[in-house]
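Shown next, in structure tokens, is the structure this report addresses.
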Amino acid sequence: MTRVKICGITEEDDMLAAIEAGADAVGFVTGFSYSPRNLDFNKAMELSLKAFPLITCVLVTNEEMLRKNIGMLKYSKISAVQLYGEDSTLIKKLKSMGIDVIHPIRRDVELNSKECYDAFLVDSYDAEKDGGTGRQVDHSFAIRVKQIVHPKPLILSGGLTVDNVSRAVAAVKPYAVDVSSGVERYPGRKDAQKMARFVERAKGVVQ
């Protein structure tokens, strides 16, 4: 069964609604001022502490923000970091803390090394943004990345919605899917019904 990460959580009630909908993981964005889902680092840590047991809390961030605050992770429930950047020192530090590292892939040129990462996330490419473009990923590209990174797990992201997630899961057969804008009422706030339908459809595909 495909796992589901609901990303871009900004408020506690949205996080609890995501968990109630059946999400396996919730994501908190920090370090990306252009995003309506961007949080102060401390708020991201506080939200993670309110997550239920057995829910994976993922910090979505960049190298600069992580360098300044990596020590704070031990006071949170963050168990994975989706890191935009390839600083080997930061990655080693995260691993020493028992934190998994998810590497976003948007182009083939970013597949130089896979040994130090725990999972890979395929997202659509935008020269102006690190992620969160809301555009769908080409399924053939996602399948190619999945084959390259095997046996490491692949997380499919990019433009997923209630309407297209079943087709995407059937085509790519990812370990997990990652959604943000596709389950929102408006940028930065989630819609409980959309989240429930998304999780139901993502997990309902027989692989």
Residue list for the stretch 180-190, filter: out of contact with any helix residue (DSSP H, G or I) (no Cβ under 6 Å at 6 or more places or on another chain) and closer than 18 Å to residue 22 by Cα: 180, 181, 182, 184, 189
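Go through the stretch 23-71 residue by residue and tally those that are assigned to a loop (DSSP other than H, G, I, E, B), of a type in the set (A, V, I, L, M, F, W, C) and within 16 Å of residue 180 (Cβ to Cβ).
3
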Members of the stretch 1-22 that are in contact with a helix residue (DSSP H, G or I) (Cβ under 8 Å, 6 or more places away or on another chain), assigned to a loop (DSSP other than H, G, I, E, B), of a type in the set (A, V, I, L, M, F, W, C) and within 13 Å of residue 190 (Cα to Cα): 9
Pairs with Cβ under 7 Å, 6+ apart, first in the stretch 134-154 and under 18 Å from residue 7 (Cα atoms) and without any contact (Cβ under 8 Å) to a residue 60 or more places away in the chain, second of a type in the set (Ser, Thr, Tyr) and outside any loop (DSSP other than H, G, I, E, B): 134/181
Flag if residue 84 is modelled with pLDDT under 95 and surrounded by fewer than 16 Cβ atoms within 10 Å (Cβ to Cβ): no
Residue within the stretch 156-165 that is farther than 27 Å from residue 39 by Cα and surrounded by fewer than 19 Cβ atoms within 10 Å (Cβ to Cβ) present: yes
Residue list for the stretch 53-64, restricted to those being within 18 Å of the chain's Cα centre (by Cα) and either among the small types (Gly, Ala, Ser) or surrounded by fewer than 20 Cβ atoms within 10 Å (Cβ to Cβ) (or both): 54, 55, 56, 62, 63
Residues of the stretch 1-43 classified as free of Cβ contacts under 8 Å to residues at least 40 places away in the same chain and among the basic types (Lys, Arg), total: 1
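The values are calculated or read from the model by the stated rules, or taken from the named source; none is laboratory data. Computed from a predicted structure; not experimentally measured. Because the Cβ atoms are built from the backbone with ideal geometry, glycine has one as well, and the counts that use them run over all protein chains shown.
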